[in-house]
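Structure, as structure tokens:
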Amino acid sequence: MEQSISTLKAEVEAWAMERGQEHVAIEVSRMYFLLYRGGSQSRLHRIEDALGNADWKAINNNRQQIFRWLRSDSTAAQRKITELLPAIEAALPAERRARITSDDRLNYLASIAIREFAAAISETLLGGRDMSHRIAIAISALNAIEPRLTNVH
């Protein structure tokens, strides 16, 4: 459990670096309230009113709380993150969620290889300057699926 929580924390931090803490807080908050409708002990503030208008103060408060709890090692923070785990996992983009929860590692790796090959083919067809680099990344992704079987050079 400890390993999965630390892996999830690292994935959320990477997601925040890519998309921003505010985006992550909005997605986690939305999922939290979808999963825990009418929860009596809400850890987060509602980020939208009944008309769907954003409450930026609540978004900011949720952002601060979520990332404070993620970065803290206190027992209270761990308890709060554990409560948020289902919402955080559900809010993660599919690729990030698959990276940490996938029982079918082959499908996850194959989806990465497909994405990298699509980028390499686009780069090649469009005569991009990064063609050889993209092809090398695609080959690495293919080799990650099963190095003993693919071993493409």
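The values are calculated or read from the model by the stated rules, or taken from the named source; none is laboratory data. Quick caveat, the model's predicted, so the values are computed rather than measured. Reconstructed Cβ throughout: ideal geometry from the backbone, glycine too, with neighbour counts over all protein chains shown.
Every condition in (1) within 26 Å of ALA98 (Cα to Cα); (2) at pLDDT 90 or above; (3) surrounded by fewer than 12 Cβ atoms within 10 Å (Cβ to Cβ) is met by GLU11 except one, and the failing one is (3).
Selection of region 40-75 for residues being part of a helix (DSSP H, G or I) and more than 13 Å from GLU22 (Cα to Cα) yields ARG68, TRP69, LEU70, ARG71, THR75.
Run down GLU123, GLU95, GLU89, GLU116 and say which single residue is in a helix (DSSP H, G or I), at negative phi, touching a helix residue (DSSP H, G or I) at 6+ places or on another chain (Cβ under 9 Å) and surrounded by fewer than 16 Cβ atoms within 10 Å (Cβ to Cβ). Don't jump to the end; show me each part of the working.
Working: GLU123 fails: surrounded by fewer than 16 Cβ atoms within 10 Å (Cβ to Cβ); GLU89 fails: surrounded by fewer than 16 Cβ atoms within 10 Å (Cβ to Cβ); GLU116 fails: surrounded by fewer than 16 Cβ atoms within 10 Å (Cβ to Cβ).
One residue alone meets the criteria, GLU95.
Can you find a residue in region 134-150 that is outside any helix (DSSP H, G or I) and either under 22 Å from GLY20 (Cβ atoms) or modelled with pLDDT under 95 (or both)? Scanning region 134-150, I find at least one residue that is outside any helix (DSSP H, G or I) and either under 22 Å from GLY20 (Cβ atoms) or modelled with pLDDT under 95 (or both), so the answer is yes.
Scanning region 43-76 for residues that are under 27 Å from ALA94 (Cβ atoms) and small (Gly, Ala, Ser) gives GLY52, ALA54, ALA58.
For the subset of region 100-113 comprising residues that are surrounded by fewer than 17 Cβ atoms within 10 Å (Cβ to Cβ) and farther than 24 Å from ASN62 by Cβ, which member is modelled with the lowest pLDDT? This residue is SER102. Going residue by residue through region 27-37, is there one that turns out to be over 14 Å from LEU85 (Cα atoms), of a type outside the set (A, V, I, L, M, F, W, C) and surrounded by 12 or more Cβ atoms within 10 Å (Cβ to Cβ)? No, region 27-37 contains no residue that is over 14 Å from LEU85 (Cα atoms), of a type outside the set (A, V, I, L, M, F, W, C) and surrounded by 12 or more Cβ atoms within 10 Å (Cβ to Cβ).
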